[in-house]
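Below is one structure, written out as structure tokens; the observations come after it.
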Amino acid sequence: MNHVLRAKKLRESDEPIHYNCAQSLFVAFSDVLGVSDERAFAMGANYGGGMMHGGTCGVVSAGLMILSLAGIPQEKAMALLQDFFRDHGTTACTELLTKAAQQGVTKKVNCDGLVIHMAERLDAILSA
């Protein structure tokens with residue numbers, strides 16, 4: 001299963017386990033990280049909700065960490081960060097959620113979209 005499909009399945013899961021945005025990416029890319037799904041899940045525990053305080057979106061934090069651990073050069077990581085900022089106007093969780101709410105988009109739909117978009121971007125970078 002590819003990373004994007006795996007991230008989608010995690011976000012759609014109706015299991016009692018909830019995968020926050022960072023956990024969804026870490027688990028989807030656990031093969032790249034070289035860790036078990038359980039370890040990947042634990043790695044992302046404190047990154048949801050913008051590091052639990054509305055700061056940097058967990059999707060951004062997880063994306064950058066995945067690239068770092070995959071040995072991707074800093075220039076490509078910086079390009080990913082700049083692209084995210086260009087596309088969304090911010091990297092702050094609270095600002096992303098406020099913007100979504102103003103547009104009538106629920107938190108789940110917004111965060112699911114950010115996870116899938118980041119998974120697609122990471123796959124593109126990792127396969128280049």
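The values are calculated or read from the model by the stated rules, or taken from the named source; none is laboratory data. Since we're looking at a predicted model, the values are computed, not measured. Note that each Cβ is placed from the backbone with ideal geometry, even for glycine, and that neighbours are counted across all protein chains shown. What goes into the accessible areas is simple: the full protein's heavy atoms, side chains included, and nothing from ligands, DNA or RNA. Shrake-Rupley method; radii C 1.70, N 1.55, O 1.52, S 1.80 Å.
From the list GLY49, GLY44, GLY58, the lone residue that is in contact with a Gly (Cβ under 6 Å, 6 or more places away or on another chain), open to solvent by less than 60 Å² (accessible area, probe 1.4 Å) and within 22 Å of CYS93 (Cβ to Cβ) is GLY58. Would you confirm, using the coordinates I've provided, whether ASP87 is over 19 Å from ILE125 (Cα atoms) and acidic (Asp, Glu)? So ASP87 fails the test.
If you take the residues of region 119-128 that are in a helix (DSSP H, G or I) and free of Cβ contacts under 8 Å to residues at least 60 places away in the same chain, which of them is least open to solvent (accessible area, probe 1.4 Å)?
ILE125
Applying the selection to region 80-94, what residues are part of a helix (DSSP H, G or I), open to solvent by less than 40 Å² (accessible area, probe 1.4 Å) and more than 26 Å from SER13 (Cα to Cα)?
First, pick out the residues of region 80-94 that are part of a helix (DSSP H, G or I): 80-88, 93-94.
Filter again for open to solvent by less than 40 Å² (accessible area, probe 1.4 Å), leaving 80, 83-84, 93.
Listed by number, the residues that qualify are LEU80, ASP83.
Pairs meeting the criteria (first residue in region 88-99 and touching a residue at least 24 places away in the same chain (Cβ under 8 Å), second residue aromatic (Phe, Trp, Tyr), beta carbons under 8 Å, at least 6 apart or on different chains) are THR91/PHE84; THR91/PHE85.
In region 103-118, is there at least one residue being surrounded by 14 or more Cβ atoms within 10 Å (Cβ to Cβ) and over 22 Å from ASN2 (Cα atoms)? Yes; the residues of region 103-118 include at least one that is surrounded by 14 or more Cβ atoms within 10 Å (Cβ to Cβ) and over 22 Å from ASN2 (Cα atoms).
Being polar (S, T, N, Q) and in a loop (DSSP other than H, G, I, E, B) is the filter; apply it to region 95-116 and report the residue that is nearest to PHE29 (Cα to Cα). Show your work before the answer.
Quick first cut of region 95-116, residues polar (S, T, N, Q) only: 98, 102-103, 106, 110.
Right, trim to in a loop (DSSP other than H, G, I, E, B) and you get 103, 106.
Details: GLN103: 30, THR106: 26 Å.
Restricting to residues being polar (S, T, N, Q) and in a loop (DSSP other than H, G, I, E, B), the top hit is THR106.
Looking at region 69-79, which of the residues that are surrounded by 13 or more Cβ atoms within 10 Å (Cβ to Cβ) and either without any contact (Cβ under 8 Å) to a residue 24 or more places away in the chain or of a type in the set (S, T, N, Q) (or both) is nearest to CYS21 (Cα to Cα)? Looking at residues that are surrounded by 13 or more Cβ atoms within 10 Å (Cβ to Cβ) and either without any contact (Cβ under 8 Å) to a residue 24 or more places away in the chain or of a type in the set (S, T, N, Q) (or both), I get ALA77.
Residue check: GLY34 meets all listed conditions (1) in contact (Cβ under 8 Å) with a residue 24 or more places away in the chain; (2) surrounded by 12 or more Cβ atoms within 10 Å (Cβ to Cβ); (3) over 14 Å from the mean Cα position of the chain (by Cα) but one, namely (2).
Every residue in region 12-26 that is surrounded by 24 or more Cβ atoms within 10 Å (Cβ to Cβ) and either of a type in the set (A, V, I, L, M) or in contact (Cβ under 8 Å) with a residue 40 or more places away in the chain (or both), please. Working first, answer last.
First, pick out the residues of region 12-26 that are surrounded by 24 or more Cβ atoms within 10 Å (Cβ to Cβ): 21-26.
Correct list: CYS21, ALA22, SER24, LEU25, PHE26.
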